[in-house]
Amino acid sequence: MTGERSSFRQVVRQVLADSWPPLAEYASGVLPPNAERLRKVSDELGWWELEDEDGGFAFASIAIQELGGALGPGELLQGLCVNPVIAGSADPRRVACSWGDSGPGGFSGEVSWCLAPGDDVERVLVFAEQTGEPVAALVRSQGAGARLEPMTGSDPTRRFWRLVMDGVPPGEPEILARGDEAALLMSEVEQRVSVGLALDSLGIARSALALTVAYAKIREQFGAPIGSFQAVKHRCVDMFVLVETADVLVEAAVTALASGAPLGPSGVASIAMAKAASCDAAAEVTRLALQTHGGIGYTWEHPCHLLLRRAKLNQALGRNPRSLRRAVAGRLVADALTGGQETTPLRGERK
Amino acid sequence: MTAVLDFTMGESAAALRGRLRRMVAEFFPDDFLGAFTDDPADLALTQRFSRLLADEGLLTVAWPREFGGSDGSVWEQTVVREEMWAYHEPRGPQYMGLNWVGPAIMAYGTAEQKAEHLPRIATGETIWCQGFSEPGSGSDLASLQTRAVRTGDHWEITGQKIWTSYAGMADWCVLAARTGDKDSGRRGISLFLIPMDRPGITVRPLRAMLGPHHLNECFFDSVVATDAEVLGEVGTGWSVMKTALAHERVGIARYARCERLLWLLRDVLRHEWDDLDEGVRNEWSGALVQVRVARLLAYRAVERQEGNEMVDLEASQARIASTTCDQQVAEVVSQLLGPRSLLGAAAGAPAHGAFEDHWRYAQAATVASGTIEIQREIVSRELLGRQAVR
Ligand SMILES: Cc1cc2nc3c(=O)[nH]c(=O)nc-3n(C[C@H](O)[C@H](O)[C@H](O)COP(=O)(O)OP(=O)(O)OC[C@H]3O[C@@H](n4cnc5c(N)ncnc54)[C@H](O)[C@@H]3O)c2cc1C
């Protein structure tokens, strides 16, 4: 399994090298870069169906992480991460969903920070309440009383959309699930968004660390590489520790999700830990990367600021680190109070 | 000292603040985020506003009358600086001339240089830039390699500068060049006051995450300079630069914008504020305390500067406090506003994009004007002595 995974990682890197601009040239073109070729190749290679196989999410997770590190398209993030759970009548490849907020609660108002698996979005997944029970529904993105608008934010590496609903006719949303089933789907999507953001951020943090370490070795001031100054040396180590910390937690979360079984409390907690740790780590590592590069990092063509922008948005999207940590703390305390019966050590969850 | 601990600085300061705020509110649209945008109208507006301030005697309040000032106190100057930075620096690039170029010329310039430059800074007519950093000399500024060679009765300057803010719009440059031999280090540097339209100067803008105008490259190809254009004595550039940088480091009242943004954040959150958990609200108050600490440290540095005392330590410690509070406030904003804090101006962002703008600028605060590591070096020398270098 480990061997298969590492060779899959190589394949992903090769595909990215062939069909996606390298970080060094990333910002010289239009942003985000055109993803058509990458989408086509990944489709041909069956990435979109990875999860149909056993332990498929473990493979998808490798692609998601590598894509993060390459500032890959949001389309693939959505496609690989969330779409497998959006079944229903529509072609999941034409369905967008929010990575940012749970929406207005009804079929009016806005659903922001939607990622779409392509330009030809037909529907947006909306979680709402109808006649007192939760529903999961698909709203036509250009149907009656709804429209999809592009959002411009601080992160130019991905395209986000906002669904604006004003007067969607009551019979219009196509209900996918109701009641418990809808609630389950909602938490499944939330969990996948959390893990997706954690993986994307881990990739970003790794790239930022690699860039920084390489630069610290070659940039000289005061007649020596800046990496020889203790302040810079220690900072590189701090960055490395942040990345490794995120890595073990993300691995645990992926394992929990990849098992395909419904998540118990420890699985849920491991996802919360991964999202909080990895998104915080990436925000901090990219900040330090910028600091270590000095002036050059602020230039548009340098990938540093783009990694930072994407990491910062990932940290802000989904559930915020504070509430995630509170949830984890709550679970740990509860476990302690029940005499540890519920406490399955996280490592023990790995296969 | 008493004035220093009083945040309001008394009634006349409060009146001055009120006056400045009214002027800004009348002059600028609500969505003004500074002079450095793709729209030249923003720069033009700040140039007109600077003249208005000059007419009212507010641009160089604390300068002596003979140089076009109003003989005001350095605390009035501080109020101006705070209000201006709080409202996205409506003086545009003028702050450069006001904060350190003018004071440096006042301290080290010849009578002719003072007569030529100071009145025009005082009226807000000229834009200055700082030609210090080079591709190979950032933190190690004293290793700069731009050469000024004595040729007959003048100098010929050749080399490259980088990160030069506002070079594309500047009329004048304070240019640091090596007049000593290659390895003369700090002792071989001289400063020149050079008009940017002099033959041999080429400016190339660099696209940057901060938006246009902030970063440029400048190429100097046998640019002629006269003895009359040397600021201070030949070979004493380093000590002039050190003083200049100390002025620059306290010259931007970053804490003032931080304080304004924290209160703006409360306004934006309105009823959501009451639903926030206590931990989050504590972060907000913690940031506000830090902002005020930065303010007091800046006052202390200003006070020492006023007394012409050595201010390296105070300037650097104030700089560390104000740049880290810039980043702390950006963090608090992003915690409280979530992804909304990262919406750019075009996207219906809260406060017209002021939060996103602040977040981007805060990232550069700990590098511009000497990195935070270099500020720490400077403080450590005072604390631990020289051997602490490296
Ligand atoms: C927005 C902005 C505006 C600017 N405007 C101007 C301007 O108008 N005019 C001008 O002349 N310059 C300007 N600068 C340049 C600025 O002063 C330099 O970027 C800064 O001094 C750092 O130099 P550098 O970029 O070469 O980084 P480097 O010196 O290469 O530093 C890289 C990293 O190494 C660290 N480092 C270096 N030496 C040591 C050491 N001994 N110990 C520990 N750590 C060390 C640094 O702290 C940094 O983290 C501007 C910079 C920015 C970001």
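The values are calculated or read from the model by the stated rules, or taken from the named source; none is laboratory data. Keep in mind it's a predicted model, so treat the numbers as computed, not measured. Don't worry about glycine lacking a Cβ; one is built from the backbone with ideal geometry, like all the others, and counts go over all protein chains shown. These area figures cover heavy atoms from the full protein model, side chains too; ligands, DNA and RNA do not enter into them. Shrake-Rupley method; radii C 1.70, N 1.55, O 1.52, S 1.80 Å.
Overview of values
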| item | result |
| --- | --- |
| Calculated P(r) tail over 19 Å for the range B:249-384, as whole % of Cα pairs | 53 percent |
| For the protein assembly as shown, with +1 on Lys and Arg beta carbons and -1 on Asp and Glu, the positive-most of A:V189, B:W128, A:M273 along the dipole | B:W128 |
| Among B:Q305, B:V101, B:Y87 - extreme Cα towards positive end, dipole of the protein assembly as shown, charges at beta-carbon | B:Q305 |
| Inter-part distance where the range A:121-153 and the range B:328-390 are each reduced to a Cα centre, Å | 37 Å |
| GluC sites (Glu not before Pro) within the range B:108-205, DSSP loop, no more than 13 other Cβ atoms inside 10 Å | none |
| For residues of A:295-307, the mean tally of beta carbons on other chains within 10 Å | 5 |
| Net dipole in debye of the range B:11-92 [+1 Lys, Arg Cβ; -1 Asp, Glu Cβ; about Cα centre; nearest 20] | 220 debye |
| Residues in the range B:341-379 that a label on A:A224 would reach, taking backbone N under 19 Å of a point 7 Å out along Cα→Cβ | B:371-379 |
| Cα centroid of the range A:1-75 to Cα centroid of the range A:274-331, whole Å | 21 Å |
| Percent carbon-and-sulfur accessible area, the protein assembly as shown, ignoring ligands, DNA and RNA, probe 1.4 Å | 53 percent |
| On Cα atoms only, tilt of B:237-251 relative to the major axis of chain B in degrees | 10 degrees |
| Accessible-area value, A:M273, 1.4 Å probe, nucleic acids and ligands omitted, Å² | 50 Å² |
| Residue-normalised accessible area of chain A, expressed per residue, 1.4 Å probe, Å² | 41 Å² |
| Filtered trypsin sites (Lys or Arg not before Pro), the range B:134-224: DSSP coil and at most 11 other beta carbons within 10 Å | B:K182 |
| Over 22 Å between alpha carbons, listed pairs A:K275/A:K312; B:K161/B:K242; A:K40/A:K312; A:K233/B:K161; A:K217/B:K182 | A:K40/A:K312; A:K233/B:K161; A:K217/B:K182 |
| In nm, spacing of pseudo-spin labels at A:Q142 and A:V213 (7 Å Cα→C-beta vector) | 4.8 nm |
| Spin-label zone in the range B:101-121 - amide nitrogen under 14 Å from a point set 7 Å from the Cα of B:E66 along the C-beta vector | B:106-116, B:118-119 |
| Surrounding net charge for A:V285, when Lys and Arg each add one and Asp and Glu each subtract one, Cβ distance under 14 Å | 0 |
| R0 of 22 Å, Cβ-Cβ distance B:H154-B:T202: FRET efficiency to nearest 0.05 | 0.65 |
| Dipole in debye (nearest 20) - the protein assembly as shown, about Cα centre, beta carbon charges: Lys, Arg +1; Asp, Glu -1 | 1480 debye |
| Separation in nanometres of the label points that stand 7 Å from Cα toward Cβ, at B:E233 and B:L384 | 3.4 nm |
| Global form of chain B, assessed from the alpha-carbon gyration tensor, a/c cut-off 1.5 | prolate |
| Neighbour-limited loop hits for trypsin sites (Lys or Arg not before Pro), the range B:264-371 (at most 13 other Cβ within 10 Å; DSSP other than H, G, I, E, B) | B:R270 |
| Using a Förster distance of 30 Å, the FRET efficiency for A:A334-A:T2 (Cβ separation, nearest 0.05) | 0.30 |
| Efficiency of FRET from Cβ geometry, A:R325 and A:D238, R₀ 30 Å, rounded to 0.05 | 0.90 |
| Label-reachable residues, the range A:10-26, where backbone N falls under 18 Å from a point 7 Å from A:L45's Cα toward its Cβ | A:10-23 |
| Heavy-atom accessible surface that A and B bury in contact, both chains counted, 1.4 Å, Å² to 100 | 3000 Å² |
| Mean ellipticity per residue at 222 nm, deg cm²/dmol - from DSSP H runs of n ≥ 4 across chain A, formula -39500 (n - 2.57) | -17500 deg cm²/dmol |
| By average C-beta atoms within 10 angstrom, highest first, the peptides B:133-146, B:246-259 | B:246-259, B:133-146 |
| Gyration tensor (alpha-carbon) shape descriptor, the range B:129-235, a/c threshold 1.5 | oblate |
| Full-extension gain in nm, B:R292 to B:E309, via 0.36 nm per residue minus C-alpha separation | 3.8 nm |
